[in-house]
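The values are calculated or read from the model by the stated rules, or taken from the named source; none is laboratory data. Note that the coordinates shown come from a computational prediction; the quantities given were computed from them, not determined experimentally. Positions of Cβ are backbone-derived with ideal geometry, glycine not excepted, and every protein chain shown enters the neighbour counts. All accessible areas refer to the heavy atoms of the entire protein, side chains included, with ligands and DNA or RNA removed. Shrake-Rupley method; radii C 1.70, N 1.55, O 1.52, S 1.80 Å.
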Amino acid sequence: MEPSPDALREDLEAHLDPAARAWFRRALEEATDHPGGHGPISAWELRLAEAGRRCGSRHADAARVLILHAAHADTAALTRVYRQGTAAERRAVLLALPHLVPGPGALPLVEDALRTNDTRLLAAAVGPYAARHLDAHAWRHAVLKCLFTGVPVDAVAALAERAHADAELARMLADFAAERTAADRPVPSGLYRVLALATAETGKES
């Protein structure tokens, strides 16, 4: 289950050193006091760029997600950050989508990320937002993209629910495994886990 913003903040603050914690709290206050967009770039957007240096790479994703949440970034603002930002900032946008966009309006960002070969971006793209809003065709291809690029299938949100008894997904997985075997290349171990879900009979335990 995706942690709530409150739980994410509590966990983050427990791991930041005093200087990073103070910076993070100021960044949240700034985003809360001046949400949305202001001019060509908002102050909170500048804080997104600083998060890695201020909080460290291990905690930067969480800090950026929480800044976006405090700023009440809408789909337009998220799209701007995604299009203009670094890979790390794009990843934060994808991770923030379940908290900020209730409908499918941000799917173009997920679809863009799924066209890349950046494994960290792909892992963020197949989170809860994609699980809720990607159609079956796009979701199946997202799963295949993860297997092809080496993204662990554990990154795919709601995998058991969406893959269960999906005959078309099972066919795609079997074809992919056959292609890998014919080329004398290893079949990703996660493929068999997904295939077991996809071939499970409806009404039985997956």
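If you filter the range 141-157 down to residues that are open to solvent by less than 40 Å² (accessible area, probe 1.4 Å) and part of a loop (DSSP other than H, G, I, E, B), you find that the one that is farthest from residue 95 (Cα to Cα) is 151.
Out of the range 18-48, which residues are crowded, with 16+ Cβ neighbours inside 10 Å, small (Gly, Ala, Ser) and at pLDDT 90 or above? 20, 27, 31, listed by residue number.
Only a single criterion out of (1) touching a residue at least 24 places away in the same chain (Cβ under 8 Å); (2) open to solvent by 40 Å² or more (accessible area, probe 1.4 Å) is not satisfied by residue 129, namely (2). Before we move on, is residue 123 part of a helix (DSSP H, G or I) and closer than 20 Å to residue 188 by Cα? Against the criterion (part of a helix (DSSP H, G or I) and closer than 20 Å to residue 188 by Cα), residue 123 qualifies.
Assess whether residue 101 counts as being free of Cβ contacts under 8 Å to residues at least 60 places away in the same chain, surrounded by 15 or more Cβ atoms within 10 Å (Cβ to Cβ) and touching a Ser or Thr at 6+ places or on another chain (Cβ under 6 Å). Walk me through it before giving the result.
Numbers: free of Cβ contacts under 8 Å to residues at least 60 places away in the same chain: yes; surrounded by 15 or more Cβ atoms within 10 Å (Cβ to Cβ): yes; touching a Ser or Thr at 6+ places or on another chain (Cβ under 6 Å): yes.
Yes.
Scanning the range 178-199 for residues that are open to solvent by less than 20 Å² (accessible area, probe 1.4 Å) and farther than 19 Å from residue 154 by Cα gives no hits.
Which residue, of 171, 140, 180, is in contact (Cβ under 8 Å) with a residue 24 or more places away in the chain and among the basic types (Lys, Arg)? Working first, answer last.
Numbers: 171 fails: in contact (Cβ under 8 Å) with a residue 24 or more places away in the chain; 180 fails: in contact (Cβ under 8 Å) with a residue 24 or more places away in the chain.
Sole residue among the options that is in contact (Cβ under 8 Å) with a residue 24 or more places away in the chain and among the basic types (Lys, Arg): 140.
Residue check: residue 73 meets all listed conditions (1) free of Cβ contacts under 8 Å to residues at least 40 places away in the same chain; (2) in a helix (DSSP H, G or I) but one, namely (2). Checked against the criteria, residue 162 counts as crowded, with 19+ Cβ neighbours inside 10 Å and either in contact with an Asp or Glu (Cβ under 9 Å, 6 or more places away or on another chain) or in a helix (DSSP H, G or I) (or both).
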